[in-house]
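Right, one structure below, let's go through it.
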Amino acid sequence: MAMICIIIPSVWASSGPGCIIYLAGLKSVPDELYEAAAMDGAGFWHKVFYIVLPRLKFLIVINLVAALVSAFKGGADQILVMTGGGPNEATTTLSLAIFYRTFMD
């Protein structure tokens, strides 16, 4: 339960930049494409799969790479601030253990 209490605020704190990138990408899709698809009889899901996703595929890749980099970074700073390793070392991760070994011992 302690690790869940660390993960939820961390995900909430890191979701902002990705949302801003996606919102900017959605604003760059021309309205004429949506109107033309509606005239051709495309439904909501057809618009999503054939208009939105092809236009945002590079942004999705960029956000995926950024998420992977931040996942490998470890987040030891947030765990250190919130629990310091947690009750009975429940939230101690590898990066936090390396930090403790490097700077405390």
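The values are calculated or read from the model by the stated rules, or taken from the named source; none is laboratory data. Quantities reported herein were computed from a predicted structural model and do not represent experimental measurements. Neighbour counts are summed over all protein chains in view; Cβ atoms, including those assigned to glycine, are modelled from backbone coordinates with ideal geometry. These accessible areas exclude ligands, DNA and RNA; they are computed on the full protein's heavy atoms, side chains included. Shrake-Rupley method; radii C 1.70, N 1.55, O 1.52, S 1.80 Å.
Screening the candidates LYS47, LYS27, LYS73, LYS57 for the property of being of a type in the set (Lys, Arg) and modelled with pLDDT under 85 yields one hit, LYS73.
A search for C-beta distances below 7 Å between a residue of the range 94-105 that is hydroxyl-bearing (Ser, Thr, Tyr) and any residue that is assigned to a helix (DSSP H, G or I), counting only pairs 6+ apart in sequence or on different chains, returns SER95/ALA76. Among the residues of the range 8-15, is there at least one that is surrounded by 14 or more Cβ atoms within 10 Å (Cβ to Cβ), touching a helix residue (DSSP H, G or I) at 6+ places or on another chain (Cβ under 8 Å) and modelled with pLDDT under 85? Yes, the range 8-15 contains a residue that is surrounded by 14 or more Cβ atoms within 10 Å (Cβ to Cβ), touching a helix residue (DSSP H, G or I) at 6+ places or on another chain (Cβ under 8 Å) and modelled with pLDDT under 85. Among the residues of this structure, ASP105 counts as one that is open to solvent by 80 Å² or more (accessible area, probe 1.4 Å), of a type outside the set (A, V, I, L, M, F, W, C) and not in a helix (DSSP H, G or I). Scanning the range 25-56 for residues that are under 18 Å from ALA67 (Cα atoms) and loosely packed, with under 13 Cβ neighbours inside 10 Å turns up nothing. What are the pairs, 6+ residues apart or on separate chains, where a residue within the range 27-40 that is assigned to a helix (DSSP H, G or I) has its Cβ under 7 Å from a residue that is open to solvent by less than 100 Å² (accessible area, probe 1.4 Å)? Cβ pairs passing all conditions: LEU33/ILE51; TYR34/LYS47; TYR34/ILE51; ALA37/LYS47; ALA37/ILE51.
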